[in-house]
Structures are given as C-alpha cells and as structure tokens.
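Take a look at the structure set out below.
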Amino acid sequence: MNITGQHILSSSQFDLPLLDHLYRLADTLVPVARGQMTTAVLRGAVLGSIFFEPSTRTRLSFDTAFMRLGGSVSHTTGVEFSSIVKGESLEDTARVVGGYTDVLVVRHFEEEAIYSFASSTNIPVINGGNGAGEHPTQALLDLYTVRSEFKRLNKHVDGCRVAMVGDLRYGRTIHSLVRLLSLYRNLTFVMLSPKGLEIPRDFIDAARERGHELIETNDLNQGLAGCDLIYATRIQIERMSESEKAANKGVNFRIEKSILASVCRDDAIIMHPLPRDSRPGANDLSNDIDGDPRLAIFRQADAGIPVRMALFCMVLGVEDQVKDSLQPATWWRPEYIGPNDASFYRMR
C-alpha cells in the first residue's frame, strides 16, 4: 500500500485494499477540506500544476487540496503559455519543472503525453486527464462518492446496477471509473450512448473477464430503468470528428425530471463529473432535476478535495503525520454550502 514517490497515471494502479486505505485517510481529512480543521504536513512543499488543456474544477480542486495541506502551488494553463510554442519538447519541460517542484499534476490533450512527461522526471506525476484516455483522480473521488452515498442508503457496491450514460467513447472519466468499479463483484453495467460513441471494446472485455454483465443500448428509457447508479457525461463535441457530429445531430440523450419520474428508482444516485451542459435541449443533465435528493453532483465535486488531499499525502509520504497535525480552524465557515449539499453533511 506504499505509493510514496510513485506516478499516478491510471486507475488500473489501484486495488481494493489500497482504495480502502486512501478513503480512510480522506475521511480523516474531510474536516480540513471543509475548512473546519487545519494541517501543515506539506508546509514548504510545492505543487507544479501544468494544464495544457483548459480546466476549472480539476485544477482548482488539486490546487486547493495541496494548499489545505500547507503547501504552495506554481501553475500554468494552456499551451500558448508554455515553452512548447517555442519548440521545447515535453520531455525537456518535464525535466525543468520537475527541478522546481515536489510533485506535478499534468493535463494534456494527447493521450500518450502524460507517459512522456512521467518518464522524464523523478518526482511524482499525477494524471489530471490525458485526452480521451483516463482521469484517474476523478474516478477516485467518484468511487468515494458512490461508497458514501450507498452507505447512506444501506446499499452495497457489490451486485449493483450501473448506467454509464452519454459519450462513452471520449469520456475519460467513464474509462477510469469502469476500471475501479470492476474491482467489485457481480455488477451489471448498462452502457448507454448515442451510436458511434460507444465505450472502447477493451473496457467491455476487461469488465466481462472479471465476471460482470455488460449491456449496451441506445435507448435512454430502457437503459436507466432499475439502475442503482446513473453516471452521466456530456457529449465531448470538441473531440468528435465532423462525421460523428453529423451522425449525432438530433439525438436525444437529455436526463430530465420526467424521465426520472417515469423509469428511475427512488433510491438511485445520479452523478456527473461536471461541467454539465445546462442549455435547453443539450444532451446532458437538465436543470429541472436540481433539488432532487438523488442528484449527488455537488457532493461529488466536494469529495475531490479530501480524496486528492489523501492522495498527495500518500504520494509524498506524510500520511502517518496527518492525524496528529490537525488543529481547529479559527475562521467562520457555514455548516454547508447550499441545500443540495445537506444530505452529504447529515450522512457523516
């Protein structure tokens, strides 16, 4: 379970004992993530936050997690602000910024770039999203959310029915989460996507090899019926070819209040990695389901801070110092951020 100094590039690096260890540490750090307690186990450490693709939630979540641990952050966002535009290789960039910092979080639009980056530095590199490949830390916080929500409902991950909805071809969060969920037993995966945006076959084959049932469908009503977990993703238009865009014109993959009322379980959990496309007619989660207790997207987003904090502590080898370092915060904080967060705070 010792991952000190390791790169975190794929969700395939995790097994259930390691996840249990990570999540116990995340539970300890929840009060720090909420601003109720403080710790300085990473005082003096510097995070290099290198994002070659735009990001709001992921970048701020990583940065906040590191600073909540007492560390500082040096960051850049966008290829146009890097020396790549001057012809510098990724390998040179990795070696240079690795000399400035103690750990790197990297997002890149090319799937293989993260591996080039990691192979060129001796400090830990954490994958913040590599093109249409993976998003391992999103999957870690997603599974943490699933486990917390199911515990609140007295349900278990083993044997559950999961609908993966939307762009399963380019949706990297789906790819990473399927790998983690496949560590459990006897799941039924309903892969629900528009034609041409089906999940890559290797994820299907890997899940079936572990004994899970896989169902593929393009029928939204049929696919959502009876599911314990509904994980939706937006259509990744920016990664699609013109022919794929044309093929999906007019497709209806919008999850809204009427479909929840007609086919979804009363105790289903609805998740989304965000951002969601809330515009009228968009193939995503509708705003008319806001306030539904089944919608866990904001509790899910909040979970990113303690989970990423725990990961930083483990990668930098300070996890054993956390418990004794905790101190009460001195500033005011609300009991919770908004009405959709209430059940998250009650269940703790």
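See the values below:
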read-out: Residue count for the stretch 150-170, restricted to those that are more than 24 Å from Gln222 (Cα to Cα) and outside any loop (DSSP other than H, G, I, E, B); value: 2
read-out: Boolean, Ala40 is farther than 30 Å from Gly131 by Cα, modelled with pLDDT of 95 or more and more than 19 Å from the chain's Cα centre (by Cα); value: yes
read-out: Cross-chain or 6+ apart pairs with Cβ under 6 Å, the stretch 151-162 first and surrounded by fewer than 17 Cβ atoms within 10 Å (Cβ to Cβ), then of a type in the set (D, E, K, R); value: Leu153/Asp267; Asp158/Arg185
read-out: Residue within the stretch 7-17 that is assigned to a strand (DSSP E or B) and at negative phi present; value: yes
read-out: So Ser116, is it of a type outside the set (Val, Ile, Thr) and either in contact with a helix residue (DSSP H, G or I) (Cβ under 8 Å, 6 or more places away or on another chain) or farther than 24 Å from Asp284 by Cα (or both); value: yes
read-out: Strands (runs of 3 or more DSSP E) completely within the stretch 175-245 that count 1 or more residues being in the same structural domain as Leu141 (by TED's automatic domain parsing), at pLDDT 90 or above and surrounded by 20 or more Cβ atoms within 10 Å (Cβ to Cβ); value: 188-192, 229-232
read-out: Meets criteria (more than 26 Å from Leu181 (Cβ to Cβ) and in contact with a helix residue (DSSP H, G or I) (Cβ under 7 Å, 6 or more places away or on another chain)) for Val41; value: yes
read-out: Qualifying residue in the stretch 44-62 (condition: crowded, with 17+ Cβ neighbours inside 10 Å, in a helix (DSSP H, G or I), modelled with pLDDT of 95 or more and assigned by TED's automatic domain parsing to the domain that holds Tyr336); value: yes
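Yes/no per residue for (1) over 18 Å from the mean Cα position of the chain (by Cα); (2) within 18 Å of Phe253 (Cα to Cα):
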{"position": "Asn154", "(1), (2)": "yes, no"}
{"position": "Cys160", "(1), (2)": "yes, no"}
{"position": "Phe203", "(1), (2)": "no, no"}
{"position": "Asp219", "(1), (2)": "yes, yes"}
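This table checks each residue for (1) touching a Leu at 6+ places or on another chain (Cβ under 7 Å); (2) in a helix (DSSP H, G or I); (3) in the same structural domain as Val146 (by TED's automatic domain parsing); (4) surrounded by 19 or more Cβ atoms within 10 Å (Cβ to Cβ).
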position	(1), (2), (3), (4)
Pro275	no, no, yes, no
Ser278	no, no, yes, no
Asn283	no, no, yes, yes
Asp288	no, yes, yes, no
Asp292	yes, no, yes, no
Leu311	yes, yes, no, yes
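The values are calculated or read from the model by the stated rules, or taken from the named source; none is laboratory data. Note that this is a predicted model, so its numbers are computed, not measured. Counting neighbours? That spans all protein chains shown, and the Cβs are built from the backbone with ideal geometry, glycine included.
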